[in-house]
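The values are calculated or read from the model by the stated rules, or taken from the named source; none is laboratory data. Just so it is clear, the structure is predicted and the values come from calculations on it, not from any experiment. Backbone-built Cβ (ideal geometry, glycine too); neighbour counts: all protein chains shown. Surface areas here come from the heavy atoms of the whole protein model, side chains and all, with no ligands, DNA or RNA. Shrake-Rupley method; radii C 1.70, N 1.55, O 1.52, S 1.80 Å.
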Amino acid sequence: MGFRVIKTAIAALMAVLIADWCGLPGPTSAGLLAILGVDVTRKKSIRTISSRFFASVVGLLFASVLFHFLGFHYWVLAVYILIAFPVIVRAGFKEGIVTGSVVVFRVFSGGEMDVHIILVQVALLLIGLGSAMIVNLAYMPAADPQMLRIRKRIDELFSVIFKEFAATLRNPNEVWAGKELIEADKAVLGGIEAAKRSLENQVIHPNEEWSVYFYMRKTQLDSIQHMMHLVSQIYQKMPHAEMVSELFDQLSQDVLTESYTGRTEKLLADVQEEFRRMELPDTREEFEIRSAILQLCRELALYLKIAKKDKAPSPISDRSQSTNE
């Protein structure tokens, strides 16, 4: 049973009890409105409940005029839909069309329309949607544990990818299916969605650290895919490739740490300096391979620059600022 189901049950029960205590006719209607009002995030709840309330009020106003002058006939409902729906949509309350229709159709079933009935319907709206609002604002499940699990999974996948890069650079005949890239992409997209939901639940002083972190990983994943293309162009064993493989060995460890160590960055600078002291290639084939290795180093430098720039959220138990490679 999901948490949203529990919230819905609480909101519906609260609305029915309050409406019954107030002596309003049809208290279960308030429970139905509460069910329609429960949502997944706080911000979305505020938006949708506001839309549903105002759409219902606008619908009641149109219905009161139509029922007064045209009577309670089935064809009047069609006229109501043709007139009221476009106005409600244009007013910006599109999400409340269904709720408003429920209220209007319930009034139609009663066969009467006067000021007292309108006030009763507004009171039921306030109680039903208000109960849903209270439950939504009262508690939402913490998103940090979920995002911490996603972050750990992404870090592990990145580590495996860098180990595979190192193995391929040492032995170009090494075969790697690359499934970790696909899994990492899914995990990053899942993290971005989770971060968005977390922001939707933060009405005051939203913290965007998680969004920054997952978008950083998305950018880095694009860089990794480019690196993979460059690694595939290195089809012979070379001392240069062996040196770069050590960089990826180091990075496969650094990516699992919670702070930016800078070790890979320092090793990269040493490797690039060593490259400058080496003799120029003798053959076109060697030139092409060394060119791919040089581009790979530049892409790795870009990856590290992104990691160094964007701070990653630290665990709940330790909110000190930190960054992953």
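Given Cα positions, please report Rg to Rh for the stretch 145-251, the hydrodynamic radius being the Kirkwood one.
Across the stretch 145-251, the Cα-based Rg/Rh ratio is 1.10.
Calculate, for I134 and K179, the FRET efficiency according to 1/(1 + (r/R0)^6) with r their C-beta to C-beta distance and R0 56 Å; round to the nearest 0.05.
Result of the calculation: an efficiency of 0.75.
Let me spell out the model: positive unit charges on the Cβ of Lys and Arg, negative unit charges on the Cβ of Asp and Glu, origin at the Cα centre of the chain. What dipole size does that give, in debye rounded to 20?
Here the size comes out at about 1160 debye.
Once the Cβ-Cβ distance between E246 and R4 is put in as r, and R0 is 56 Å, what FRET efficiency do you end up with, to the nearest 0.05? Mind showing how you got there, number by number?
Working: r = 50 Å, r/R0 = 0.89.
So, using R0 = 56 Å, E works out to roughly 0.65.
When the Karplus curve 6.51 cos²θ - 1.76 cosθ + 1.60 is applied with θ = phi - 60°, which whole-Hz ³J(HN,Hα) does each residue of the stretch 53-58 get, with x for Gly and Pro?
5, 5, 5, 5, 5, 4
How long are the semi-axes of the ellipsoid equivalent to the chain, from square roots of 5 times the Cα gyration tensor eigenvalues, in whole Å, largest first? Numbers along the way, then the final one.
Details: eigenvalues 789, 85, 39 Å².
Three semi-axes, in Å: 63, 21, 14.
If packing is taken as the average count of other Cβ atoms within 10 Å, what order do 155-162, 224-231 fall into, highest mean first?
Answer by packing, highest mean first, reads 155-162, 224-231.
Jot down the per residue volume, in cubic angstrom and as a whole number, of the convex hull over the alpha-carbon atoms of the stretch 1-147.
110 Å³
Tell me which lysines have Cα within less than 28 Å of K308's Cα, excluding those fewer than 8 residues away on the same chain?
Result set, ordered by chain and number: K152, K163, K179, K186, K196, K218, K266.
If you take every residue apart from Q236 with its C-beta less than 15 Å away from the C-beta of Q236, what net charge results, scoring Lys and Arg +1 and Asp and Glu -1? All intermediate terms of the calculation are to be shown ahead of the outcome.
Numbers: positive: R170, K237, R284, R290; negative: E174, E242, D282, E285, E286, E288.
My count for the surroundings of Q236 gives -2.
Suppose each label sits 7 Å from its Cα in the direction of the beta carbon; what would the L256-K152 distance come out to in nanometres?
1.3 nm
Please tell me the relative contact order of the chain in percent, rounded to the nearest whole number, where contacts are Cα pairs under 8 Å and at least six residues apart.
Relative contact order, the chain: 18 percent.
Which residues in the stretch 214-254 place their backbone N less than 18 Å from a point set 7 Å from the Cα of D282 along the Cα-to-Cβ direction?
Residues 236-241 qualify, since their backbone N sits under 18 Å from the label point.
F105 to Q236: extension gain in nm, 0.36 nm per residue of separation minus the Cα-Cα distance? If you can, show how the numbers build up before the last one.
Values: separation 131, 0.36 × 131 = 47.16 nm, distance 7.54 nm.
Extra length from F105 to Q236 when fully extended: 39.6 nm.
What ranking, highest mean first, results for peptides 217-223, 237-243, 99-105 when packing means the other Cβ atoms within 10 Å averaged over each residue?
Packing proxy ranking, top to bottom: 99-105, 217-223, 237-243.
Expressed as an acute angle from 0 to 90° and rounded to the nearest 10, what is the orientation of the C-alpha long axis of helix 209-231 relative to the principal long axis of the chain?
40 degrees
Based on the inverse mean of 1/r over its pairs of different Cα atoms, what is the Kirkwood hydrodynamic radius of the stretch 96-166, in Å?
16.9 Å
Lys/Arg Cβ at +1, Asp/Glu Cβ at -1, dipole of the chain taken about the Cα centre: which of Y235, F69, I293 is farthest positive-ward?
F69
Accessible area of C22, 1.4 Å probe, to the nearest 10 Å²?
Solvent-accessible area, nearest 10 Å²: 70 Å².
Give me the number: length gained by fully extending E193 to F69, i.e. 0.36 nm times residue separation minus the C-alpha to C-alpha distance, one decimal in nm. Could you put the intermediate results ahead of the total?
Values: separation 124, 0.36 × 124 = 44.64 nm, distance 4.98 nm.
Gain on stretching E193 to F69: 39.7 nm.
Report the full-extension gain for the segment D20 to V76: residue separation times 0.36 nm, less the Cα-Cα distance, to one decimal in nm.
17.0 nm
What FRET efficiency would be calculated for the residue pair Q225, K266, taking the C-beta separation as r and a Förster radius of 25 Å, to the nearest 0.05? Present the calculation step by step, with values, prior to reporting the outcome.
Working: r = 25 Å, r/R0 = 1.01.
The calculated FRET efficiency here is 0.50.
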